Amino acid sequence: MGQIASLFGIALKAIYGVIGNYGLSVIVFTIIVKMIMMPLTVKQTKSTFAMSEINPKIKEIQAKYKNKPEKQNEEISKLYKESGINPLSGCLPILIQMPILMGLFYVFKDPVTYGVFLWIKALSKPDYILAVFAGVSAYLMQKVMTPKDQIEGPMKMMSWLLAGMSLYWGFVLPAALALYWCVSNIFSVFQYYLITRPL
């Protein structure tokens, strides 16, 4: 994790060298990360849309084979294969975000160690306003990006869970991390609309 943090520290220092403002440097860094992850996000969004389209067929299979779980799983797997859908592909961007968040946590907690000198103290301490924005933006992102036919049940719970975790993290982690999370969520919503308009 130290190597990732050092890499992020170098990148933030370079961005700061051009911009001259730490808050804006975090925002620019966030946008660069989101742009790099764009191909995965496009794949995830298309997969989510494809899942929505085959959802009625999945429900039919579940109803038809409700007493035969093995046959049900076999038929659903067959449907995924025929439709060219990998149900786990939606998890990849989330899994990639975790080491990014952990690396940034180390950088923002101890910026001097990771090469970001003269860090503004306000960004290395928690900020409660940013914490609220992090929670609200996480909830809105989930609400906007979750298809209507999947918004009930576990996904609804997921929206509240993600918002609650984001709010909590904002209260206990450096403000720069909450700023990254807010910008990332807002960017994700715009990115989602951009990707889904042709779909």
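The values are calculated or read from the model by the stated rules, or taken from the named source; none is laboratory data. All values derive from a computational prediction rather than experimental measurement. Virtual Cβ from ideal backbone geometry, glycine too; neighbours counted across all protein chains shown. Heads up: the accessible areas ignore ligands, DNA and RNA and are worked out on the full protein's heavy atoms, side chains in. Shrake-Rupley method; radii C 1.70, N 1.55, O 1.52, S 1.80 Å.
Does the stretch 27-41 contain any residue that is under 28 Å from Q191 (Cα atoms), aromatic (F, W, Y) and at pLDDT below 80? Within the stretch 27-41, none of the residues are under 28 Å from Q191 (Cα atoms), aromatic (F, W, Y) and at pLDDT below 80. For the stretch 129-147, a residue qualifies if it is among the hydroxyl-bearing types (S, T, Y) and either under 16 Å from Y180 (Cα atoms) or assigned to a helix (DSSP H, G or I) (or both), and the qualifying residues are S137, Y139. In the stretch 142-170, the residue that is surrounded by the fewest Cβ atoms within 10 Å (Cβ to Cβ) out of those that are aliphatic (A, V, I, L, M) and at pLDDT 85 or above is M165.
Restricting attention to the stretch 1-32, the residues being among the hydroxyl-bearing types (S, T, Y), touching a residue at least 40 places away in the same chain (Cβ under 8 Å) and open to solvent by less than 20 Å² (accessible area, probe 1.4 Å) number 2.
Each residue in the stretch 33-75 was checked for being of a type in the set (A, V, I, L, M) and open to solvent by 80 Å² or more (accessible area, probe 1.4 Å), and 2 of them qualify.
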